[in-house]
């Protein structure tokens, strides 16, 4: 069985560390970036199996990250989920219209993350 690589893009290191710990326990390989620009670079170099990205970040927001990910031939087909505190229906719809695979509100459950990974990577 191959190891699934998950890229977490979030400027809140506490959130990233919590998610990393949980996903490591589930035997996923987890890489993380604390900014959208670094996240794009990591996605292009490492081509993860799935990406979870915050929306509200300095320098480049999650929508900008998604646009770059979808415009690059190496990363355009990677499942991309927003993982954000923005919980309004309008936010969800904007994320889906922008091309996200899915949208999870923070805090999200461990089961939701695993379901997103298993439902989109296998």
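The values are calculated or read from the model by the stated rules, or taken from the named source; none is laboratory data. Everything numeric here is computed off the predicted structure, so don't read it as measured data. Please note: Cβ atoms are built from the backbone with ideal geometry, for glycine as well, and neighbour counts cover all protein chains shown.
Of all residues in the stretch 1-13, none that is in contact (Cβ under 8 Å) with a residue 60 or more places away in the chain and on the phi > 0 side of the Ramachandran plot has its Cβ atom under 8 Å from the Cβ atom of a residue that is surrounded by 18 or more Cβ atoms within 10 Å (Cβ to Cβ) and part of a strand (DSSP E or B), 6 or more apart or on another chain. Listed conditions (1) at pLDDT 90 or above; (2) surrounded by fewer than 16 Cβ atoms within 10 Å (Cβ to Cβ); (3) not in a helix (DSSP H, G or I) are all met by residue 107, apart from (1). May I ask you to list the residues in the stretch 99-122 that are farther than 21 Å from residue 11 by Cα and out of contact with any strand residue (DSSP E or B) (no Cβ under 8 Å at 6 or more places or on another chain)? Listed by number, the residues that qualify are 111, 114, 115, 118, 119, 122.
The single condition from (1) over 17 Å from residue 4 (Cβ atoms); (2) crowded, with 18+ Cβ neighbours inside 10 Å; (3) in contact with a strand residue (DSSP E or B) (Cβ under 6 Å, 6 or more places away or on another chain) that residue 87 fails is (2).
Count of the stretch 16-37 residues, restricted to those that are under 17 Å from residue 109 (Cβ atoms), surrounded by fewer than 19 Cβ atoms within 10 Å (Cβ to Cβ) and either under 11 Å from the mean Cα position of the chain (by Cα) or in contact (Cβ under 8 Å) with a residue 60 or more places away in the chain (or both), is 2. Among the conditions (1) buried (at least 17 other Cβ atoms within 10 Å of the Cβ); (2) at pLDDT 85 or above; (3) part of a loop (DSSP other than H, G, I, E, B), the only one that residue 40 does not satisfy is (3).
Test of understanding: among 119, 99, which residue is surrounded by fewer than 16 Cβ atoms within 10 Å (Cβ to Cβ) and over 23 Å from residue 28 (Cβ atoms)? So that I can check it myself, show each step before the final result.
Numbers: 119 fails: over 23 Å from residue 28 (Cβ atoms).
After applying the criteria, what remains is 99.
Looking only at residues in the stretch 20-36 that are in contact with a strand residue (DSSP E or B) (Cβ under 7 Å, 6 or more places away or on another chain) and not in a helix (DSSP H, G or I), which one is nearest to residue 62 (Cα to Cα)?
33
Taken over the stretch 79-106, the criterion of being under 21 Å from residue 46 (Cα atoms) and touching a residue at least 60 places away in the same chain (Cβ under 8 Å) is satisfied by 83 alone.
In this entry, residue 75 passes the filter for residues that are touching a helix residue (DSSP H, G or I) at 6+ places or on another chain (Cβ under 7 Å), in a loop (DSSP other than H, G, I, E, B), farther than 20 Å from residue 20 by Cβ and in contact (Cβ under 8 Å) with a residue 12 or more places away in the chain.
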